[in-house]
Amino acid sequence: MDGVQEFEEERKRIEGAIAEADRIFNDASARHDATVDPLDIRLKQIKTLTSEADLARQELYSTCPNADLVSRLEEIARPLDQAKRRLGSAETQGCNLRNQAKAERADAELCVREPNAEAHVKGAENCDAQARELERELRGLRRQVVDLERQDAEIRERLLVP
């Protein structure tokens with residue numbers, strides 16, 4: 001019987017510890033809600049206001065009477081889009097080349113025969129060289145995108161001035 005009483009006492013201690021942990025959790029949860037709820041409300045307000053401002057800005061862009069500015073914006077749009085696409089494609093290609101080089105090195109380590117290992121090492125070196133060349137191109141593309149985005153932003157800012 002003494003063993004049962006010990007289990008009962010242990011059960012009560014465990015239930016008490018669980019109740020205390022639940023109390024602490026509930027208190028923390030209430031503090032969290034008290035902090036986060038007003039922030040969530042304000043964040044939703046900000047998102048709504050930002051969305052409305054974006055719509056108003058778009059309306060101003062589309063109704064701008066200054067044909068020269070609109071034309072300049074359109075002239076920049078295509079090269080900017082093309083540069084962004086090329087940049088994204090080149091970044092993906094660079095990542096693929098680095099992954100391929102890594103795989104070639106892993107394959108070289110697994111090769112039992114020396115000629116096969118050498119072929120994988122050469123393949124990795126080739127991928128590395130292509131990735132380095134691509135990185136040089138990427139630097140130029142990034143500069144081009146930044147410059148075109150700056151021009152686009154300047155024109156858009158001027159479109160907002162009556």
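Cα-based radius of gyration for the chain, normalised by 2.2 N^0.38 Å, reads 2.05.
Relative intensity of the stretch 66-162 on a log10 scale, I(q)/I(0) at q = 0.13 Å⁻¹, equals -0.60, per a Debye sum over C-alpha point scatterers of equal strength in the absence of solvent. On full extension, the segment bounded by residue 99 and residue 5 gains 27.5 nm, given 0.36 nm per residue less the C-alpha separation.
Principal-axis analysis of the Cα atoms of the chain puts helix 67-110 at an angle of about 60° to the longest axis.
Enter the angle in degrees (range 0 to 90, nearest 10) between the Cα long axis of helix 114-159 and the first principal axis of the Cα atoms of the chain, meaning the one along which they spread out most. That works out to roughly 80 degrees. With charges set only on the Cβ (+1 for Lys and Arg, -1 for Asp and Glu), what does the dipole of the stretch 66-162 come to about its Cα centre, in debye to the nearest 20? That gives a dipole near 140 debye.
Pairwise inverse Cα distances across the stretch 63-103, averaged and inverted, put the Kirkwood hydrodynamic radius at 12.5 Å. Helices in the chain, meaning DSSP H runs of at least 4 residues, each add -39500 (n - 2.57). Divided by all residues, the mean residue ellipticity at 222 nm is -35000 deg cm²/dmol.
Length gained on full extension, residue 121 to residue 50, computed as 0.36 nm times the residue gap minus the Cα-Cα distance: 20.3 nm. Taking the chain as a Gaussian network of alpha-carbon nodes connected by springs under 10 Å, the highest mean-square fluctuation of the residues 139, 31, 105 belongs to 31. Computed over the chain with a Gaussian network model linking Cα atoms closer than 10 Å, the most mobile of 121, 112, 145 is 112.
Expressed per residue, the C-alpha convex hull volume of the stretch 1-94 stands at 176 Å³. Build a GNM of the chain with springs between Cα atoms under 10 Å apart, and of 33, 152, 54 the one that fluctuates most is 33.
Assuming charge only on the beta carbon of Lys and Arg (+1) and of Asp and Glu (-1), the dipole of the chain about its Cα centre is about 1040 debye to the nearest 20. Using the alpha-carbon atoms, what tilt in degrees (0 to 90, nearest 10) does helix 2-62 show relative to the longest principal axis of the chain? With rounding to tens, the tilt is 20 degrees.
The numbers here are math on the coordinates, done by the rules we state, and not lab data. The shown structure was predicted, so the numbers you read here are calculated from the model rather than taken from an experiment. No Cβ is skipped: glycine too gets one built from the backbone with ideal geometry, and neighbour counts run over all protein chains shown.
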